[in-house]
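One structure is given below, encoded as structure tokens.
The values are calculated or read from the model by the stated rules, or taken from the named source; none is laboratory data. Source: prediction; values computed, not measured. Virtual Cβ from ideal backbone geometry, glycine too; neighbours counted across all protein chains shown. For the accessible areas, the whole protein counts, side chains as well, though only heavy atoms, and no ligand, DNA or RNA atoms are used. Shrake-Rupley method; radii C 1.70, N 1.55, O 1.52, S 1.80 Å.
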There are 2 protein chains.
Amino acid sequence: MNRIYNFNAGPSALPLEVLKEIQDSFLNFNNSGMSIVEISHRSKEFESVINGTKEKVTKLFELGSDFEVLFVQGGASMQFAMLPMNLLKAGDSADYVNTGTWSTKAINEIKSQNRKFNVVASSEDSNFSYIPKNIKFSDNAKYVHITTNNTIKGTQWHSLPDTNNIPIVADMSSDIMSYPIDAKKFGLIYAGAQKNLGVPGVCLVIIRKDLLNSIGDDIPVMLNYKTYAQKNSMYNTPPCFSIYVMWLILKWIEEKGGLSAVYQENKQKAEVLYDFIDNSSIYTGTAEKDSRSFMNVTFLLKDKNLEEKFIQEATKNSIGGIKGHRSVGGFRASIYNSTDIEKVKYLVNFMDEFQKKVK
Amino acid sequence: MNRIYNFNAGPSALPLEVLKEIQDSFLNFNNSGMSIVEISHRSKEFESVINGTKEKVTKLFELGSDFEVLFVQGGASMQFAMLPMNLLKAGDSADYVNTGTWSTKAINEIKSQNRKFNVVASSEDSNFSYIPKNIKFSDNAKYVHITTNNTIKGTQWHSLPDTNNIPIVADMSSDIMSYPIDAKKFGLIYAGAQKNLGVPGVCLVIIRKDLLNSIGDDIPVMLNYKTYAQKNSMYNTPPCFSIYVMWLILKWIEEKGGLSAVYQENKQKAEVLYDFIDNSSIYTGTAEKDSRSFMNVTFLLKDKNLEEKFIQEATKNSIGGIKGHRSVGGFRASIYNSTDIEKVKYLVNFMDEFQKKVK
């Protein structure tokens, strides 16, 4: 059916079996006689979808009973604004680590709200090519904000910093559900769905109940996490289709054997691609080796003049989404959970053939 | 394929031909080799979808060049908060008309922001069963807020109030694109998509350019209409699938002959159903006759003891979504654009058979 090898950074490839399930049941969801996009969010059919999604998130991340799982609209960018509104009271301060475009935007948002914050570490000095180490956090910070994976720069935190029990607030938009986590280190996790959780239109928010309970009422209803917790994320009509796809994706992860299994495959995929790049003569990686992302592999052609030809040849070989982010150029292969090792090997094979051709 | 007669208030029935188009192209959109849910929002394929949607809104509503068309997440409820933030400066005041649940929520939101406003008319005295007339608006109001159709109470404005050139800000969530409008009376129109514009996850916002240009910068990025206008509603990843469905729905409206044709059919549908109710012995309408909605027809059984039997029989006859809103009870048939006259006649026939059976 002429499907391509899709390495888009997000929206990105979905597992073909999930797409087919959506397609097959699209005119009649679960014998309701309606499409999933036509059923009421107050129906028992949709309630089982939203509650099932929450249960799967709780189980896969081993959250126990300390966290609430919420579904918010507006993407991670809306979270940049909601975090300080909800988590800081007058006089409170937060620590931020700046590892690239998205961290910078999160920092700009707390800044524009005239709240106290400290940028306690940044890799801007090196074009965000690494994850800072040995960070000294503020004693009085209410939370420490990090971006676990930097889609644009191709870097990733491979272990969490020691924050001395200050809760970590993490933007996990581009590596959520790609490895197991230690939930107790987090105060809040958020992630736009369009990479490892399905399609755009919903942002998963996981918040520790003690933080949730300390939120005030002086926040617009739709911007207050408590509204979502109290109304099972259905104060108003939620983005039903995006939540439905997240449910299918999490089911698919469970069927693959859960996050440990997914992590093993992700590590292996990244190794195959990075090893090839490191041993090639015409390609070079852009992130420092110990900070490399296993979700977004960024690389350059040593000879910039070959860039256009590379894209042309890639397109001819049914490879899409391989261009780097418009703000940095170069190339990027996004190899999220849905991209299996065979697709990565196909890409490596293409890159190898291209190298032989141009040398 | 066992599809039912779906009278849900939202999410609600979609035209079968639109559902089939989504289904047929779901694995390969427009020969991209990717699903519509997998393509990048920065791709030429998606740009033609989002720009096409804007063009169709502009054309169907005859907006000319005075308005910007935006796509925002969070539903109409998020707009309740964004309106005063964006449209009022310190000291400014707005007028609100209270015609039911959604107007009340919009009023609560401006109140919680500690801004000046006047509720210049309300039908709360009569359980919101009518649209107020002969309203005296404030001379200094920056805008007048109305809810054009009240999904829960089944009332609708059939002509716009004379606001003496104060721009009308209208929540049209449940009757947008069901009749032609006189655009120049509006300053801003907003509508959640899940009734006449497709599926939840996107809120259409149409704003007059002079109002847009007067918005300040002291608003979080994702809550400022200017962000959406400046970035073609793609500051971050938009809810691509919901915009895509809106595009298909607007195309379908165009193919039906535009808003005048749609309006004729909608009037006819409502007449058939209201005429039957008015001439029946066991049913009674809840809204005052001159304020009746032609989108949401609310009615009661005079004998409350028959309610459960009515729902049971309806379900047996493949009729769904006919229960009234949980806050008011009774019954409601939502007959949006997608519900054609044959489906309304099927419902009337069922109600008639039920009446014969129980009398």
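Structure notes:
- Gyration tensor verdict on segment B:37-91 (Cα atoms; rounded if a/c is under 1.5, prolate if a/b is larger than b/c, oblate otherwise): oblate
- Segment B:47-62 - phi-based ³J(HN,Hα) in whole Hz, Karplus 6.51/-1.76/1.60, Gly and Pro as x: 4, 6, 5, 5, 5, x, 5, 4, 4, 5, 4, 4, 6, 5, 8, 6
- For segment A:46-113, the Cβ-based charge dipole about the Cα centre amounts to some 200 debye (Lys, Arg positive; Asp, Glu negative; other atoms uncharged).
- DSSP bridge pairs, segment A:85-157: antiparallel proportion in percent, nearest 5: 20
- Computed from the Kirkwood radius of its Cα pairs, the Stokes-Einstein diffusion coefficient for segment B:125-237 at 4 °C and 1.567 mPa s stands at 82 µm²/s.
- The residue among A:Ile277, A:Ile249, A:Val328 whose Cα reaches farthest toward the positive pole of the charge dipole of segment A:200-354, with charges on the beta-carbon of Lys, Arg, Asp and Glu, is A:Ile249.
- Report summary: the helix-based calculation at 222 nm, which adds -39500 (n - 2.57) for every DSSP H run with n ≥ 4 and divides by the residues of the protein assembly as shown, gives -11000 deg cm²/dmol.
- When only the Cβ of Lys, Arg, Asp and Glu is charged (+1, +1, -1, -1), the dipole of the protein assembly as shown relative to its Cα centre reaches about 220 debye.
- In the protein assembly as shown, the DSSP beta bridges split such that about 55 percent are antiparallel, to the nearest 5.
- Overall form of segment A:69-197 per C-alpha gyration tensor (a/c, 1.5; a/b vs b/c): rounded
- If you take the Cα centroid of segment B:34-96 and the Cα centroid of segment A:64-99, the two points sit 25 Å apart.
- Most positive-pole-ward Cα, A:Phe29, A:Asn213, A:Thr286, against dipole of chain A from beta carbon charges: A:Thr286
- Interface residues of segment A:18-34, defined as those losing at least 20 Å² of solvent-accessible heavy-atom surface relative to the isolated chain (probe radius 1.4 Å), are listed as A:Leu19, A:Gln23, A:Phe26, A:Leu27, A:Asn28, A:Gly33, A:Met34.
- Annotation: amide H-H contacts under 5 Å for B:His145 (H modelled 1.01 Å from N, sequence separation of 5 or more, or interchain): B:Asp95, B:Tyr96, B:Val97, B:Val169.
- Probing with 1.4 Å while keeping every protein chain in the model, the per residue accessible area of segment A:55-180 equals 38 Å².
- Cα gyration tensor category, rounded, prolate or oblate, for chain B with a/c compared to 1.5: oblate
- Rounded percent of accessible protein surface that carbon and sulfur make up, chain A, 1.4 Å probe: 45
- For segment B:351-358, Karplus couplings with θ = phi - 60° (6.51, -1.76, 1.60), whole Hz, Gly/Pro x: 4, 5, 4, 4, 4, 4, 5, 8
- Our coupling estimate for segment B:245-251, obtained by passing each phi through the Karplus curve with A = 6.51, B = -1.76, C = 1.60 and θ = phi - 60°, is 5, 4, 4, 5, 5, 5, 4 Hz, Gly and Pro reported as x.
- Cut-off 11 Å between beta-carbons: net charge of the residues surrounding A:Ala333, Lys and Arg +1, Asp and Glu -1: +4
- Listed residues A:Tyr5, A:Phe80, A:Phe46: farthest to the positive end of the dipole of segment A:1-105 (Cβ charges): A:Tyr5
- Rounded to the nearest 20, the size of the Cβ-charge dipole of chain A about its Cα centre is 480 debye, with Lys and Arg at +1 and Asp and Glu at -1.
- For segment B:290-359 and segment A:261-290, distance of Cα centres in Å: 61
- Projected onto its three principal axes, the C-alpha set of segment B:172-325 covers 58, 33, 30 Å, listed from the longest axis down.
- Summed over the residues of segment B:210-269 and divided among them, the accessible surface reaches 37 Å² per residue at a probe radius of 1.4 Å.
- Spherically averaged projected area of the protein assembly as shown from its Cα convex hull (nm²): 31.1
- Electrostatic tally near A:Asn232: other residues with Cβ closer than 9 Å to its Cβ, Lys and Arg +1, Asp and Glu -1, net +1.
- Average 1/r across all pairs of distinct alpha carbons in segment B:88-163, invert it, and you get the Kirkwood radius: 12.7 Å.
- Residue of B:Asn296, B:Asn196, B:Asn108 that the Gaussian network model of chain B assigns the largest fluctuation, springs spanning Cα pairs under 10 Å: B:Asn108
- Solvent-accessible area of B:Lys105 with every protein chain in place, 1.4 Å probe, in Å² to the nearest 10: 50
- Counting DSSP beta bridges with both ends in chain B, the antiparallel % (nearest 5): 55
- Using a 1.4 angstrom probe on protein heavy atoms only, the contact between A and B buries about 4700 square angstrom of accessible area, both sides summed.
- Shielded by partner chains, segment B:69-110 residues - at least 50 Å² of accessible area, 1.4 Å probe, vs chain alone: B:Gln73, B:Ser77, B:Met78, B:Glu109
- Drop in accessible area of at least 50 Å² in the complex versus isolated chain, residues of segment B:198-236, 1.4 Å probe: B:Pro200, B:Pro220, B:Met222, B:Tyr235
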